Amino acid sequence: MRITIIGTGYVGLVTGVCLAEIGHKVFLHDINQEKIKLLKSKKIPIHENGLLKLFKKHLEAKNLRIESDPNEALQASNIYFICVGTPQLRNGKPNLRYLFDISNKIKDYIDKNKLNNNTFIVLKSTIPPGTTKELQTKIFKKDIYKNVYLGSNPEFLREGNAVYDFMNSERIVIGSESKEFIRTIKKLYSPLSKKSKIFITDPQSSELIKYGSNAFLATKISFINEMSKLSDKVGGNIDDVSQGIGMDKRIGNEFLNAGLGYGGSCFPKDTRGLAYTFSKNKIPSKIIQSVIDINNKQRKYFFNKILKRFSKQELKSKSVLFLGTAFKPNTDDIRESVGIYLINMISPMVKNILIFEPIAKENSINALSKLNNVRFQKTSISKIDYDCDFMIIATEYPEFIKIPHKNLKKLKDRVVFDGRNILNREKLEKNGIEYIGIGK
Ligand code: NAD
């Protein structure tokens with residue numbers, strides 16, 4: 001089948017490349033001409049495991065084409081995957097401007113060309129419940145656009161594992177009122193149906209499934225983070241607590257690690273979006289707001305541990321070795337990264353910060369360019385410079401776990417603040433290194 005992807009960010013690019021991998025002919029379009037230029041030069045604007053190799057493979061096999069012109073992109077197929085960003089306004093309200101802009105462009109294209117063949121609009125962007133219906137009533141009115149079919153098809157990929165997740169998804173959710181839409185999109189995904197369950201529902205439920213999934217995972221994180229404070233107080237070990245709770249299959253271990261809380265482009269935005277949707281519908285929702293509040297406080301709780309260990313006066317002369325600025329390992333995404341937040345908080349209080357970030361370095365350099373006491377290590381993990389006073393870990397890269405203790409001993413104060421609870425307190429203490437984690 002021929003498919004046009006509109007918006008080639010983390011979701012659109014992965015979706016497009018993976019749809020080519022399962023046998024479709026895919027046209028990639030983005031409004032950002034810099035991105036188009038990069039894609040045309042066989043490069044990709046994001047870091048994602050295995051993506052570049054597949055992208056090049058399908059570009060060469062001509063299963064993928066880059067379309068800079070929106071009309072040509074729309075002409076290339078009659079199935080449009082909308083993957084534009086749905087960021088947020090200040091009050092938490094999802095900003096659907098990009099979604100409405102592209103929908104109006106599609107409508108104008110249909111009008112101008114007097115199209116009456118079947119057109120399928122697949123909404124992959126994360127949208128508040130009711131948005132598919134709104135597009136149907138405000139833009140693609142059923143009595144006028146009889147052959148335009150809309151549906152929600154939320155994306156569940158995790159950055160860092162996005163290609164694997166797309167190809168091995170547990171479920172593919174399709175929410176539409178149109179039988180024609182469901183039949184066509186089901187057929188499109190059929191090469192994945194051995195591994196992934198295709199779940200059909202109405203658009204509002206599909207939209208709720210996406211918000212609900214992210215909010216539930218965020219709730220697990222905030223729950224264990226709240227427990228970590230109690231664990232600190234009573235002298236427990238939150239890692240054991242988490243393991244013990246998660247051994248119950250009904251609960252499971254995933255998303256149950258205490259630490260600095262969640263960041264990234266999805267959980268913060270989608271929990272706020274869900275809270276906004278509750279309040280817009282005048283339904284009091286205590287859980288989601290608490291999840292958000294706990295998450296915001298967790299980073300301050302960690303920051304206060306630093307202030308408890310060192311006085312403000314002491315901090316003024318300290319050099320900090322800071323590990324990890326990506327919001328999670330194996331991505332170059334720093335949107336709402338807790339690491340970046342912490343660096344901004346700590347920078348005015350210390351002499352300098354020396355950062356090591358394996359993947360998101362370039363984005364982080366740009367984001368922190370205004371701080372004049374921050375430097376990035378230009379090396380690999382094995383050659384990190386430890387000539388600092390103490391260390392902070394903010395992203396749980398597996399390679400950080402393996403740092404030899406003899407290297408940590410080079411830190412002048414021999415203190416490690418572990419914001420992701422990835423190091424072993426006992427082993428460090430045996431080697432004369434002070435360990436400050438969260439809830440253990
Ligand atoms: P992104 O910002 O990386 O990419 C969005 C792209 O859309 C940009 O390249 C932008 O230039 C392009 N765009 C905007 N308006 C356009 C238009 N009119 N025509 C063509 N292109 C246009 O965003 P993302 O992270 O890929 O997220 C996209 C959507 O998917 C969001 O709704 C997000 O919540 C959702 N989502 C994201 C993830 C994730 O892990 N990033 C996972 C699941 C769902």
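The values are calculated or read from the model by the stated rules, or taken from the named source; none is laboratory data. Since this is a predicted model, take the numbers as computed values, not measurements. FYI the Cβ positions are ideal-geometry reconstructions off the backbone, even for glycines, and counts take in every protein chain you see.
Taking residues in the stretch 287-309 that are over 15 Å from Gly263 (Cβ atoms), and partners anywhere that are hydroxyl-bearing (Ser, Thr, Tyr) and crowded, with 21+ Cβ neighbours inside 10 Å, the pairs with Cβ atoms closer than 7 Å and at least 6 places apart or on different chains are Ile288/Thr271.
For the stretch 95-112, the criterion of being within 15 Å of the ligand (Cβ to nearest atom), buried (at least 20 other Cβ atoms within 10 Å of the Cβ) and part of a strand (DSSP E or B) is satisfied by no residue at all. Kindly indicate whether any position in the stretch 310-317 is aromatic (Phe, Trp, Tyr), surrounded by fewer than 22 Cβ atoms within 10 Å (Cβ to Cβ) and out of contact with any helix residue (DSSP H, G or I) (no Cβ under 7 Å at 6 or more places or on another chain). Looking for residues that are aromatic (Phe, Trp, Tyr), surrounded by fewer than 22 Cβ atoms within 10 Å (Cβ to Cβ) and out of contact with any helix residue (DSSP H, G or I) (no Cβ under 7 Å at 6 or more places or on another chain), one finds at least one in the stretch 310-317, hence yes. The stretch 340-399 holds no strands (runs of 3 or more DSSP E) entirely within its bounds that carry 1 or more residues that are under 25 Å from Gly160 (Cβ atoms), in contact with a strand residue (DSSP E or B) (Cβ under 9 Å, 6 or more places away or on another chain) and of a type in the set (Ser, Thr, Tyr). Residues that are within 26 Å of Ile334 (Cα to Cα) and within 16 Å of the ligand (Cβ to nearest atom) within the stretch 53-65 comprise just one, Phe55.
Please tell me if Ile355 is within 29 Å of the chain's Cα centre (by Cα), buried (at least 16 other Cβ atoms within 10 Å of the Cβ), farther than 18 Å from Gly261 by Cβ and among the β-branched types (Val, Ile, Thr).
Values: within 29 Å of the chain's Cα centre (by Cα): yes; buried (at least 16 other Cβ atoms within 10 Å of the Cβ): yes; farther than 18 Å from Gly261 by Cβ: yes; among the β-branched types (Val, Ile, Thr): yes.
Yes, satisfied.
Residues of the stretch 227-277 that are touching a Pro at 6+ places or on another chain (Cβ under 9 Å) and of a type in the set (Phe, Trp, Tyr): Tyr262, Tyr276. Looking across the stretch 82-96, the residues that are free of Cβ contacts under 8 Å to residues at least 40 places away in the same chain and not polar (S, T, N, Q) come down to Leu89, Arg90, Leu96. Considering only residues in the stretch 26-48 that are within 11 Å of the ligand (Cβ to nearest atom) and part of a loop (DSSP other than H, G, I, E, B), the one that is nearest to Arg65 (Cα to Cα) turns out to be Asp30.
Here the stretch 259-270 is the region considered, the condition is being part of a loop (DSSP other than H, G, I, E, B) and of a type in the set (A, V, I, L, M, F, W, C), and the residue that is nearest to Asp333 (Cα to Cα) is Cys266. Entry remark, the stretch 391-404: residues being surrounded by 14 or more Cβ atoms within 10 Å (Cβ to Cβ) and not small (Gly, Ala, Ser) number 8 in total.
Scan the stretch 3-25 and tell me whether some residue there is assigned to a loop (DSSP other than H, G, I, E, B), within 13 Å of the ligand (Cβ to nearest atom) and among the hydrophobic types (A, V, I, L, M, F, W, C). Checking the stretch 3-25: not a single residue is assigned to a loop (DSSP other than H, G, I, E, B), within 13 Å of the ligand (Cβ to nearest atom) and among the hydrophobic types (A, V, I, L, M, F, W, C).
Residue-wise test of (1) modelled with pLDDT of 95 or more; (2) in contact with a helix residue (DSSP H, G or I) (Cβ under 6 Å, 6 or more places away or on another chain); (3) more than 23 Å from Ser228 (Cβ to Cβ).
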{"position": "Ile346", "(1), (2), (3)": "yes, no, no"}
{"position": "Ser380", "(1), (2), (3)": "no, no, yes"}
{"position": "Ile384", "(1), (2), (3)": "no, no, yes"}
{"position": "Phe400", "(1), (2), (3)": "yes, no, no"}
{"position": "Asn407", "(1), (2), (3)": "yes, no, yes"}
{"position": "Asp413", "(1), (2), (3)": "yes, no, yes"}
{"position": "Gly419", "(1), (2), (3)": "yes, yes, no"}
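Within the stretch 74-94, can one find any residue that is part of a helix (DSSP H, G or I) and crowded, with 20+ Cβ neighbours inside 10 Å?
yes
Scanning the stretch 93-112 for residues that are among the aromatic types (Phe, Trp, Tyr) and touching a Pro at 6+ places or on another chain (Cβ under 9 Å) yields Tyr98, Tyr109.
Just wondering, is there one or more residues in the stretch 122-141 that are of a type in the set (D, E, K, R) and either within 23 Å of the chain's Cα centre (by Cα) or in a strand (DSSP E or B) (or both)?
Yes - at least one qualifying residue is present in the stretch 122-141.
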